[in-house]
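This report concerns only the one structure given below.
The values are calculated or read from the model by the stated rules, or taken from the named source; none is laboratory data. No experiment lies behind these values; they were computed from the predicted model shown. Here the Cβ is made from the backbone with ideal geometry for all residues, glycine too, and neighbour counts use every protein chain on show.
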Amino acid sequence: MGIEEYNKSVDLYSDNVYRFILKNIRDTEKARDIVQDTYEKLWMNVENVDFAKVKSYIFTAAYHTMIDLTRKEKRRSEYEKADISEHSDYSQYSDLGEILGKAIEKLPESQKSVLMLRDYEGYSYEEIAEITGLNESQVKVYIYRARVFLKEYIGSMDMVI
């Protein structure tokens with residue numbers, strides 16, 4: 001890959017990577033840092049990356065950088081230990097987007113990431129497996145568990161609307 005293709009990859013994918021990271025960590029400065037680190041890694045490895053596979057390389061590098069950061073900060077929390085009813089929002093409130101955002105924040109990083117890649121970015125299971133380094137069946141299980149948690153967290157739609 002040459003300099004022109006590198007610049008083209010910045011133009012094509014930097015916004016998408018930034019949105020993906022920001023949706024996961026909810027910190028604009030950290031998201032910018034991760035995107036910057038991702039493109040630095042690409043620059044250091046520019047000769048070995050094929051332009052046809054640069055999107056996958058960028059998302060994979062960003063994902064792994066984000067995971068490293070969250071591990072360092074020990075932000076991980078497991079929802080299995082949490083009492084779901086304690087976190088449920090059953091008040092008469094109609095902003096489903098806000099409720100869903102709060103629910104997504106409760107998910108473990110691995111489930112949150114695969115859910116975001118699938119439902120927000122539109123990647124296939126195979127592409128998500130390639131990006132995250134998981135196998136395809138693990139990706140499906142994580143997405144299923146995340147959706148079940150979200151369903152239980154939000155409760156019935158009558159309570160939300």
Considering residues of the stretch 48-72 that are of a type in the set (D, E, K, R) and loosely packed, with under 11 Cβ neighbours inside 10 Å only, the residue modelled with the highest pLDDT: D50
Can you find, within the stretch 124-153, the residue that is farthest from N16 (Cα to Cα) among those that are surrounded by 16 or more Cβ atoms within 10 Å (Cβ to Cβ) and in contact (Cβ under 8 Å) with a residue 60 or more places away in the chain? Y153
Residue in the stretch 20-30 that is surrounded by the fewest Cβ atoms within 10 Å (Cβ to Cβ), counting only those that are touching a residue at least 24 places away in the same chain (Cβ under 8 Å) and not polar (S, T, N, Q): R26
